[in-house]
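Engineer: Below are the structure tokens for one structure; questions will follow.
Just so it is clear, none of the values below were taken in a lab; they were calculated from the coordinates. Given the structure is predicted, the values throughout are model-derived calculations rather than measurements. Using ideal geometry, Cβ is built from the backbone for each residue, glycine included, and neighbour counts are taken over all protein chains shown.
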Amino acid sequence: MVLSCPRCGAPAEPGAAFCRSCGSPLAPPTPPAFSVHELLIGDVPVAFSAALGWGPVRIVFTDQRVLAMWTGPHQFLPSPRLYRDWKASLPSLPPTRNLDGNWVNGPEAPAWDFDNSAILDIRVGKERGILTDPDVSDLSIKALSDGTRTTALGGMPLRPRSEVAMIFRVPGPAPPIEEFLRGMPIRAAVR
């Protein structure tokens, strides 16, 4: 029920479709949007972002999205010290990756957030390059951007619907990581 005219502020009569003072339509208030619960399917709790944002992350897979959440100090440019600190903090046993339940945003700041339908390609393999680390695998996720990519320096505008490649370092060999990803909602994108 509208109590006053949104245009002129005059009191509205109960059940009236138009304001008696100015003639503006009196639309009934819209009901609150129905909230659909987002389900947490699994996560990679220990990873390191290595592309346009350098630092430790948690990669979360829900029934609707893939998110990377900052879990420690991060910066825009590569920092060997940040990487060494992350490696020194790794647990001796591989962390649990499969979870379930309702997804609730935690205290971590988002680094990336993509709808599952935007994920184009996911690959896991051995790290390649000059300074490689034999104890980690590369996890590469290619997605279509919605126009903004959050990084250590804040939102960074990108061309909407452009391809974005996210590269992460994940402890352990590639086969178990790939097997885990094949159990996630984005399994069709795993190559």
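Engineer: For residue 84 and residue 144, FRET efficiency with R0 = 35 Å and r from the beta-carbon atoms, rounded to 0.05?
Structural biologist: Values: r = 34 Å, r/R0 = 0.97.
About 0.55, to the nearest 0.05.
Engineer: Follow-up. Between residue 76 and residue 51, what length in nm is gained on full extension when 0.36 nm per residue of separation is reduced by their alpha carbon distance? Show your work: numbers first, answer last.
Structural biologist: Details: separation 25, 0.36 × 25 = 9.00 nm, distance 0.85 nm.
Residue separation times 0.36 nm, minus the Cα-Cα distance, leaves 8.1 nm.
Engineer: In nanometres, what is the gap between the two model label sites at residue 4 and residue 126, each 7 Å from Cα along Cα-to-Cβ?
Structural biologist: 7.2 nm
Engineer: Non-local amide H neighbours of residue 4 (under 5 Å, H modeled in plane, Pro and chain starts lacking H): which ones?
Structural biologist: For residue 4, whose amide H was placed from the backbone, the distant partners under 5 Å are 12.
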